[in-house]
Amino acid sequence: MATLQTVLGPIDTSELGPTLVHEHIYISYPGDVLDPNDTFERSRCISVAVERMKQTQAFGIKTWVDPCPIDLGRDPEMLAEVAERAGMQLVCSTGFYHEHIGIPYYWRLRSIDEIHEFYMDEISNGIGDTGIKPGVVKIATGDPPTELEKKVARAAARAAKDSGLSVITHCENSNGWDVQQEILADEGVELSRCLIGHQDQATDATQLVKIAEQGSFAGVDRVGFEVLAPEENRVSLVKGMLEAGHQERLCLSQDHMCCLRSHKFPYPIPAGMEETFDQIEPWVREQMVGRPHDYLFTDFWPKLEAAGVDRATFDSILTDNPRRLFGG
C-alpha cells in the first residue's frame, strides 16, 4: 500500500479509516493579525480544534485533511499539537491560494520553475524549519481562473507529479474545474489522485459527472454552507453522482473552520447590502466557524438517508474513496 504524510509522520493509506478530506483547524486572512482589535488566543484555538476532532471521532472519523494554503495562516506546528492531543491523523498541504486573496507579491513574480522548486523543497525537507512535511498539494483558482493562478497551478501540478502527492483543489463558485483538470492532465498528473473541490454550487450533477469521467474525484465538500448553496442542492448532486454510477469518485466534507482569526468579516460586502449583512453576519459566521464539526453526521446524513442513500454507501464514500484518492 501507499503511504500518506501526516503532520506527525507517514502512515499507510490502509490506516486512514473514515476521513474528512477538506476541513480547517485555523484560518487567518492576509493582514488580519495587524488589526488592533485582534483577540486571537492560540491555546483556545487548539482546545476548540481538539474538541471538534473528538466530535467527529464519536462518529468514527480517524483522519482529517486540512488543505489550508500557505497564505491563509497555515501553521503546521499548531496542527501537530492538535493532532497529538486529539489522537487524530491530520494531513497538511503545500500550495498557494487564489489571486483575489492570496499569492504573496514575491511569489506572483516567480516563474513556474521557481514556484515548483519551492513546493518541492517543502515536500522534501519540511515547511520552514518545522520539519513537518505536507501530505497533499493544494491548487486554488478564482472565477474565472486568472493567468497568474494558471501559472501557480501548473507549478503545483508539476510538484504533484514529481512527488507523487495527491492534489486537492479549490474551485471558486464551483467554476474553473475544467481548467484545473486540463492543467493537471497536461502536466502528466494521474487524475485519479486529484480531488476537484467545492462543487457544491453546481446547478446539477452534470459537471461532477464530467469530472469523474475524466478520472478525478469530485468534492461536495462545503456541506453546511447554505449561504453558498442549499443542502437540498448538495443532496441532489450526491444522488446524481450515485445514479450515474460514480460513487467511487465522490468525496464529502465541510470546509469548516475550528478557528477564524479575522475580527472583521474577511470578504467584501456588496454595495447597498451593508445593513442587511449586519443582520445575517452571525448566521454566516456560524456556518464558517461556529457549528460543531459533526454536522455532516447529525444534520446532513439524515437528509441523504431521507433521499434514499443507504448508510453503506455513505460510509464507503468517507472511507474507501479517500483511500483511493491518497493511495491510488
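The values are calculated or read from the model by the stated rules, or taken from the named source; none is laboratory data. None of the values given here were measured: they were computed from a predicted structure. Cβ coordinates were reconstructed from backbone atoms using ideal geometry, including for glycine residues, and neighbour counts include every protein chain displayed.
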If you check THR203 against the conditions, is it polar (S, T, N, Q), surrounded by fewer than 19 Cβ atoms within 10 Å (Cβ to Cβ) and out of contact with any Pro (no Cβ under 8 Å at 6 or more places or on another chain)?
yes
Counting only residues in the stretch 309-324 that are of a type in the set (Ser, Thr, Tyr) and over 19 Å from GLU23 (Cβ atoms), the one farthest from the chain's Cα centre (by Cα) is identified as THR313
> On the given criteria, is PRO36 modelled with pLDDT of 95 or more and farther than 17 Å from GLY95 by Cβ?
Replying inline: yes
Notebook entry, point to check: On the given criteria, is PRO302 exposed (fewer than 12 other Cβ atoms within 10 Å of the Cβ) and either modelled with pLDDT under 95 or assigned to a loop (DSSP other than H, G, I, E, B) (or both)?
Noted result: no
Residue pairs qualifying under the 7 Å Cβ cut-off, at least six apart or on distinct chains, with the first in the stretch 86-106 being charged (D, E, K, R) and the second being surrounded by 16 or more Cβ atoms within 10 Å (Cβ to Cβ) and at pLDDT 95 or above, are GLU99/GLY142; GLU99/THR146; GLU99/LEU148; GLU99/GLU149
Just to be sure before I move on: is ARG261 of a type outside the set (Asp, Glu), crowded, with 19+ Cβ neighbours inside 10 Å, under 29 Å from ASP71 (Cα atoms) and more than 16 Å from the chain's Cα centre (by Cα) in the structure I sent? yes
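Condition check ((1) touching a Phe, Trp or Tyr at 6+ places or on another chain (Cβ under 9 Å); (2) outside any loop (DSSP other than H, G, I, E, B)) across all residues:
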site	(1), (2)
ASP200	yes, no
GLY215	no, no
GLY224	yes, no
LEU228	no, no
SER236	no, yes
LYS239	no, yes
CYS251	yes, yes
Scanning the stretch 144-173 residue by residue, the ones that are crowded, with 17+ Cβ neighbours inside 10 Å and more than 18 Å from GLU99 (Cβ to Cβ) total 9
Q: Might you let me know whether the stretch 247-269 holds any residue that is free of Cβ contacts under 8 Å to residues at least 12 places away in the same chain, of a type in the set (A, V, I, L, M, F, W, C) and either closer than 23 Å to MET78 by Cα or in contact with a helix residue (DSSP H, G or I) (Cβ under 8 Å, 6 or more places away or on another chain) (or both)?
A: yes
Per the filter on the stretch 14-69, residues of a type in the set (Asp, Glu), crowded, with 18+ Cβ neighbours inside 10 Å and in a loop (DSSP other than H, G, I, E, B) are GLU23
